[in-house]
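The values are calculated or read from the model by the stated rules, or taken from the named source; none is laboratory data. Source: prediction; values computed, not measured. Neighbour counts run over all protein chains shown; Cβ positions are idealised from the backbone, glycine included. The protein model used for the area step is the full one, side chains on, heavy atoms only, and it has no ligands, DNA or RNA in it. Shrake-Rupley method; radii C 1.70, N 1.55, O 1.52, S 1.80 Å.
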Amino acid sequence: QLQLVESGGGLVQPGGSLRLSCVVSGFTLDNYAIGWFRQAPGKEREGALCISSSDGGTYYEDSVKGRFTIFRDNAKRTVYLQMNSLKPEDTAVYYCAASWLFTVAASNYDYWGQGTQVTVSS
């Protein structure tokens with residue numbers, strides 16, 4: 001079945017940057033929308049932070065607009081999340097997930113990666 005593997009997380013100071021990668025296998029990436037989600041300590045996983053649609057569109061949640069950029073390289077079977085101007089409140093486990101549909105709700109995503117930890121701290 002479809003598998004997703006996130007990488008690129010780590011410890012970064014406030015104001016710093018990270019690039020997360022989500023490598024997809026099992027199906028052609030351009031058939032799916034890919035969303036990035038996060039789960040902060042002690043909090044539930046919310047709707048998608050950002051989404052890359054199968055037809056090239058993007059969506060960004062307000063809290064990350066202007067700071068995060070999602071883009072894909074279908075040939076490399078990879079979706080990226082460029083994270084700039086990171087804040088302590090961005091600290092979370094970040095997940096990528098795939099859906100046949102363009103949707104914000106986590107419950108509608110069929111396939112999930114294992115997550116990668118992002119910690120923003122001085």
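Points to keep in mind about this one:
- Gly42 free of Cβ contacts under 8 Å to residues at least 24 places away in the same chain and out of contact with any strand residue (DSSP E or B) (no Cβ under 9 Å at 6 or more places or on another chain): yes
- Close contacts from the range 104-120, counting a first residue that is closer than 19 Å to Asn31 by Cα and a second that is open to solvent by 60 Å² or more (accessible area, probe 1.4 Å) and assigned to a strand (DSSP E or B), with Cβ to Cβ under 6 Å and a gap of 6+ residues or different chains, come to Gly113/Val5.
- The range 18-29 residues that are over 22 Å from Asn84 (Cβ atoms) and part of a strand (DSSP E or B), paired with ones that are among the hydrophobic types (A, V, I, L, M, F, W, C) and open to solvent by less than 60 Å² (accessible area, probe 1.4 Å) (beta carbon under 6 Å, 6 or more apart): Val24/Leu4
- For the range 90-104, filtering for residues that are closer than 11 Å to Phe37 by Cβ and open to solvent by 10 Å² or more (accessible area, probe 1.4 Å) leaves 3.
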